[in-house]
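The values are calculated or read from the model by the stated rules, or taken from the named source; none is laboratory data. These figures come from a predicted structure and were not determined experimentally. Glycine also receives a Cβ, built like all others from the backbone with ideal geometry; neighbour counts cover every protein chain displayed.
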Amino acid sequence: MRTGKPRGIWILRTLVIVGVVLILGGGWLFQSDFAQRNAERIAHLPSCDAATVQTLLPGTAVLLEGVLLAREPAGPRGFMAFHHERFRGHETSGATKGREEWIRIGTVRPAFAIESGGATVEVVNRDYRLNAWPHREQTDPGAKYVSMMESTERFLGFKAGDAVTVDGRIVAGPSDPPRVRRIEATVLFGGGGATAYAESARAEILVPKIVGGVFAGLGAIMAGACAWWLRKSKYANAPSSR
């Protein structure tokens, strides 16, 4: 007759493995230095206006400060670059019970330009990230859920005329005149200038360490508790000798 181990033993072993994975993943996040390297990179970037950009060599990384200019028609509610989200209801359990849940249904990143220092610089790409957007508007005063297609929607982003900072690199197009410079943007930031952008990058250094510590702690508790139960079950099920 074929015999197998009790189902509970397999569950405990699986949880031990999951705990070990959490420990390894959390440890990797905790020691990861990506956020720190990014903060150091931003701290060493020169801050400039659009007029200064025209004097710099292609390939130079800069923080460009200025006013956002539209190059395409505005979207809903006058938004230019924005995230579009739809309300899904409220969390029903756990530590975040009652918190609003939103699902992102789209992101718009149009062509734009930056004006400052009496000059204008065009941005050549559309794959930049949106960070610290100054505008947040929704279609209803209070979020309402009717169905997936009939719920409150909201827009998070930028409008023409906003003061922004662009983290990017100076480029020159093959058909541009010799002295014309453009920007290949990595981040469009609206939180208060280059200094505020650098401070926000430094604040992000703690995020992976906190998340990694939490994951590693949960994994240690899970793996330790399940390993203890496995050991206890092993002795409990061991045949007694007389």
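A single member of PHE34, PHE79 is exposed (fewer than 12 other Cβ atoms within 10 Å of the Cβ) and touching a residue at least 24 places away in the same chain (Cβ under 8 Å), and it is PHE34. The single condition from (1) among the basic types (Lys, Arg); (2) exposed (fewer than 15 other Cβ atoms within 10 Å of the Cβ); (3) within 18 Å of PHE82 (Cβ to Cβ) that LYS159 fails is (2). Return yes or no: is ILE103 of a type in the set (A, V, I, L, M), farther than 22 Å from ALA172 by Cβ, surrounded by fewer than 15 Cβ atoms within 10 Å (Cβ to Cβ) and in contact (Cβ under 8 Å) with a residue 12 or more places away in the chain? For ILE103, the condition - of a type in the set (A, V, I, L, M), farther than 22 Å from ALA172 by Cβ, surrounded by fewer than 15 Cβ atoms within 10 Å (Cβ to Cβ) and in contact (Cβ under 8 Å) with a residue 12 or more places away in the chain - is met. Only one of the listed residues (LEU68, LEU56) is in contact with a Lys or Arg (Cβ under 9 Å, 6 or more places away or on another chain), surrounded by 15 or more Cβ atoms within 10 Å (Cβ to Cβ), closer than 24 Å to ALA119 by Cβ and touching a residue at least 12 places away in the same chain (Cβ under 8 Å). That residue is LEU68. The number of residues in segment 31-61 that are farther than 16 Å from VAL187 by Cβ and in contact with a Pro (Cβ under 7 Å, 6 or more places away or on another chain) comes to 1. If you filter segment 1-23 down to residues that are outside any helix (DSSP H, G or I) and either modelled with pLDDT of 80 or more or of a type in the set (D, E, K, R) (or both), you find that the one that is nearest to ARG231 (Cα to Cα) is LYS5. Within segment 191-211, is even one residue modelled with pLDDT of 95 or more, part of a strand (DSSP E or B) and among the hydrophobic types (A, V, I, L, M, F, W, C)? Looking for residues that are modelled with pLDDT of 95 or more, part of a strand (DSSP E or B) and among the hydrophobic types (A, V, I, L, M, F, W, C), one finds none in segment 191-211, hence no. Of the strands (runs of 3 or more DSSP E) lying entirely inside segment 24-111, the ones with 3 or more residues being more than 25 Å from VAL123 (Cα to Cα) are found at 79-90, 100-108. The condition of being over 23 Å from the mean Cα position of the chain (by Cα), of a type in the set (Ser, Thr, Tyr) and modelled with pLDDT under 95 holds for only one of SER93, SER116, SER32, SER47, that being SER93.
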